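Notes to accompany the following structure.
The values are calculated or read from the model by the stated rules, or taken from the named source; none is laboratory data. As the structure is a computational prediction, the values presented were derived from the model and not from experiment. All Cβ positions, even for glycine, are placed from backbone atoms using ideal geometry, and neighbour counts span all protein chains on display. Just the protein is used for accessible areas: all its heavy atoms, side chains included, with ligands, DNA and RNA removed. Shrake-Rupley method; radii C 1.70, N 1.55, O 1.52, S 1.80 Å.
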Amino acid sequence: MINFMQILIIVFLLELLARLFIYFRHGKFKFFAPEREKIIKYLSYQSHPYIGYCKSPNIRNSKFPSNDKGFAGKKNFSVKKNKNTIRLMICGGSTVEQNDIDQTKPFDEDVTWPKVLENELNKKKGKIFEVINAGCAGYTILESTVHMLTKGIHYNLDYAILYTSINDAWDIQATKGFKEDYSHARRHPNFPKLTWRLPKWLPNLRFFFLYQYAIIAADRYLSPPSDNLKHYISPIRKIIHDYSEIEKAIKTYENYIKSFCGICISNKIKAILIPWAFNESLISKKTLKIFGEWNKENFVNLLNLNNECMRKVAANIDGVTLLELPKFSDDCFRSVDWIHFSKNGIHKMGKAVADSLSDKMNISL
């Protein structure tokens, strides 16, 4: 019979194998396994009859907080505003919505780059600036446009800033069967209600890889996908890039940008476009989770073409302003995905937008 000491030796060897596997998979040695995720992402979002989906109101968790109207962050805004207040709304996907996803200490769940922008604009006396974060994970230019139409125009905005592109390029424009209404890659979501999971009181034993990865795997097996919003908003299960319809996809993207700006202008809101920031050297297939062959050059070209659409629209439509931001260093992006800003990037993005905005719009700070 196997005695207790033999069991310990077997566990030790399995633990060593687990650590070696993680080392070869990630290319670096880890002392601790990841924490068990107790926050379920899809519970922070809800279906919407016209937008498709949006953030749920009054969400109180560290990654996806929202106010009473479902905007990112916990600060509430009334529809009316003070006459001395200049109000801006920032539209886009998770690169607008996000706070510090890595939660590096000291962590403040309310700090997003739109919040940093607000803080920078309010450093000097005079006007009061309010910045509403209308970013929502997974949003493309189409959702952002409908979001502006259904919610944004009611908030007496002075400016509307659009910062988007990655979700369009990633799983809309370059996927097979492209359709102008994006219906080939979007569906009306039916977010599940909270299902049974492993008890929350089970401890995180991050030093014990076998245990920690076992409960993470069991939790994911017992529950619907909790950290992948695209599972619920897209009918596509395996993203395969196909650039056969790329010219039509680019034209469609440009038309939606025009529509966003048209909605703003007709409601006396000054539209501001910001080309999407990325560093080509960081782009990798692994983060995008694309199946089959992938051409990085084609994807980078698509991102650049989308940015050129913004420049073209701003140049051809009166009342639309373009903000060209400086190139961000690699440490401004998360090391694990190159798409989202790091904590450092959040602060630099907010500051860069504030500086550029004050120059372009002659706002006295």
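Annotation: of all residues in region 213-257 being of a type in the set (Lys, Arg) and over 23 Å from the mean Cα position of the chain (by Cα), the one that is most open to solvent (accessible area, probe 1.4 Å) is 251. Residues in region 99-139 that are polar (S, T, N, Q) and either open to solvent by 10 Å² or more (accessible area, probe 1.4 Å) or farther than 23 Å from residue 331 by Cα (or both): 103, 104, 112, 119, 122, 133.
Looking at region 160-200, which of the residues that are of a type in the set (Gly, Ala, Ser) and buried (at least 22 other Cβ atoms within 10 Å of the Cβ) is nearest to residue 255 (Cα to Cα)? The qualifying residue nearest to residue 255 (Cα to Cα) is 165. Does any residue of region 33-53 turn out to be among the small types (Gly, Ala, Ser) and assigned to a loop (DSSP other than H, G, I, E, B)? Yes, some residue in region 33-53 is among the small types (Gly, Ala, Ser) and assigned to a loop (DSSP other than H, G, I, E, B). Of the residues making up region 63-84, those that are loosely packed, with under 14 Cβ neighbours inside 10 Å and in contact (Cβ under 8 Å) with a residue 40 or more places away in the chain are 79, 80, 82, 84. Within this structure, residue 268 fails the test of being outside any loop (DSSP other than H, G, I, E, B), without any contact (Cβ under 8 Å) to a residue 12 or more places away in the chain and over 30 Å from residue 43 (Cα atoms).
When region 65-119 is limited to residues that are assigned to a loop (DSSP other than H, G, I, E, B) and small (Gly, Ala, Ser), the one that is farthest from residue 268 (Cα to Cα) turns out to be 73.
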